[in-house]
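Below is one structure; the comments refer to it alone.
The values are calculated or read from the model by the stated rules, or taken from the named source; none is laboratory data. These figures come from a predicted structure and were not determined experimentally. Virtual Cβ from ideal backbone geometry, glycine too; neighbours counted across all protein chains shown.
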Amino acid sequence: MKTIQLATPGAFASIEEPEPQRGDNEALVRVRRIGVCGTDIHAFHGRQPFFDYPRVLGHELGVEILEIDADNAAGLQVGDRCSVEPYLNDNDSPASRIGKSNCCEQLEVLGVHTDGGMRPLLSLPVEKLHKANELTYDQLALIETICIGAHGIERSGLTANETILVLGSGPIGLGAIQFALSLGSRVIVADINEERLAFCRDTIKVHHTLKADAPDFESRLTELCDGALPQVVLDATGNRFSMQRTFSLTAHGGRIVFLGLLKGEIAFDDPNFHKRELTLMASRNATPDTFKKVIDAVKSGAIDTKPWMTHRLALEDVPDQFESTIAEPGLIKAIIEV
Ligand SMILES: [Zn+2]
């Protein structure tokens with residue numbers, strides 16, 4: 001079968017590969033749609049640390065089941081449409097045993113640490129398939145991205161009568177924003193990119209947007225919170241300045257979630273942290289339970305993924321068109337059709 005491999009930074013190659021053999025407790029699936037993510041773009045540009053080449057990318061997947069062991073199908077059958085939870089964990093690891101398969105010590109993410117979905121067929125553990133026959137393959141390919149944001153919101157314990165400030169409105173921030181809106185919370189979004197803020201205001205219908213680099217940013221935020229500050233601040237930028245700033249933007253007794261990842265150290269003022277009695281949380285990947293909740297939210301229409309899909313290309317065109325597609329202005333999500 002024809003597989004698209006990222007041979008070296010900046011160069012995809014079309015290679016011929018044998019079809020996968022289905023292992024124990026696995027299902028053979030046909031890949032239908034692949035979402036392009038920031039991780040893929042960083043890998044293409046050679047900016048993804050600890051990344052080995054060659055690698056088959058693709059971890060945001062909408063797939064169809066072609067073959068499954070009837071005795072071990074977990075309610076799935078041939079023809080089912082599924083979203084893939086691409087976090088391959090060891091179920092016996094200490095983290096997995098306490099229900100945190102998302103940050104398992106042995107975690108391998110499909111398309112990052114191990115070869116992913118830029119190919120027609122894959123064999124995957126049955127437990128990593130989340131069925132949703134009511135959704136399109138496009139929608140299924142976006143579930144994982146939304147789950148990353150949704151997991152951050154779940155970590156924060158955000159409730160319907162609280163206000164959240166989301167810093168950064170790229171695809172990961174958007175997932176958090178949409179999930180927070182689906183809970184009925186008040187959502188304020190800050191970004192330095194005016195185009196992204198306009199998208200959040202006009203299309204996603206967040207409650208307020210703020211230019212993150214405006215000189216009066218903090219006073220505007222306080223105004224929007226009736227003289228106080230948001231109970232939850234979630235950083236989806238991975239930018240040191242933005243992450244360090246969250247400590248002064250969060251209400252007393254509030255929670256901070258770092259969804260973005262910075263390759264370095266964060267410093268904060270302990271008296272400020274202490275005075276506010278803040279809670280700081282990391283958020284990594286998502287749990288199987290979050291996949292179920294996000295699928296339900298997309299099914300019910302509480303989360304609409306249509307406006308996300310701004311660009312499309314065919315798998316066989318990836319070697320020629322990937323670079324130009326990811327450089328296009330207005331790109332939110334590119335969807336690859338297989
Ligand atoms: Zn991703």
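Just a few scattered comments:
- Residue within region 106-113 that is over 28 Å from Lys306 (Cβ atoms), of a type in the set (D, E, K, R) and without any contact (Cβ under 8 Å) to a residue 60 or more places away in the chain present: yes
- Scanning region 28-60 for residues that are more than 14 Å from the ligand (Cβ to nearest atom) and closer than 17 Å to Glu316 by Cβ returns Arg30, Val31, Arg32, Val56.
- Only one entry in Asp80, Asp71, Asp115 is over 19 Å from the mean Cα position of the chain (by Cα), at pLDDT 95 or above and among the charged types (D, E, K, R), namely Asp80.
- Residues satisfying the stated conditions in region 302-331, i.e. surrounded by 14 or more Cβ atoms within 10 Å (Cβ to Cβ) and of a type in the set (A, V, I, L, M, F, W, C): Ala302, Ile303, Trp308, Met309, Leu313, Leu315, Val318, Phe322, Ile326, Leu331
- Condition check for Gly264: surrounded by 16 or more Cβ atoms within 10 Å (Cβ to Cβ), under 23 Å from the mean Cα position of the chain (by Cα) and part of a loop (DSSP other than H, G, I, E, B): no
- Residues satisfying the stated conditions in region 19-57, i.e. crowded, with 17+ Cβ neighbours inside 10 Å, over 23 Å from the mean Cα position of the chain (by Cα) and not in a strand (DSSP E or B): Pro20, Arg22
Okay, residues lined up against (1) of a type in the set (Lys, Arg); (2) crowded, with 22+ Cβ neighbours inside 10 Å; (3) away from the ligand (no atom under 16 Å from the Cβ); (4) more than 16 Å from Asn239 (Cβ to Cβ):
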position	(1), (2), (3), (4)
Gly168	no, yes, no, no
Gly175	no, yes, no, yes
Gln178	no, yes, no, yes
Leu181	no, no, yes, yes
Ile188	no, yes, yes, yes
Ile192	no, no, yes, no
Phe199	no, yes, yes, yes
Thr203	no, no, yes, yes
His207	no, no, yes, yes
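- Qualifying residue in region 88-104 (condition: within 16 Å of the ligand (Cβ to nearest atom), touching a His at 6+ places or on another chain (Cβ under 8 Å), in contact (Cβ under 8 Å) with a residue 60 or more places away in the chain and more than 22 Å from Ile335 (Cα to Cα)): yes
- Number of positions in region 122-155 that are within 16 Å of the ligand (Cβ to nearest atom) and assigned to a strand (DSSP E or B): 1
- Close pairs (6 angstrom Cβ cut-off, 6 or more residues apart or separate chains): without any contact (Cβ under 8 Å) to a residue 40 or more places away in the chain in region 135-153, within 11 Å of the ligand (Cβ to nearest atom) anywhere: none
- The lone exception for Leu158 - which of (1) crowded, with 20+ Cβ neighbours inside 10 Å; (2) in a helix (DSSP H, G or I) it fails: (2)
- Any hit, region 106-114, residues being within 16 Å of the ligand (Cβ to nearest atom), more than 30 Å from Lys299 (Cβ to Cβ) and surrounded by fewer than 20 Cβ atoms within 10 Å (Cβ to Cβ): yes
- Failed item in (1) away from the ligand (no atom under 16 Å from the Cβ); (2) assigned to a strand (DSSP E or B); (3) in the same structural domain as Ser14 (by TED's automatic domain parsing), with Arg119 passing the rest: (2)
- Among the residues making up region 190-243, those that are farther than 25 Å from Arg284 by Cα and of a type in the set (Ser, Thr, Tyr) are Thr203, Thr209, Ser219, Thr222.
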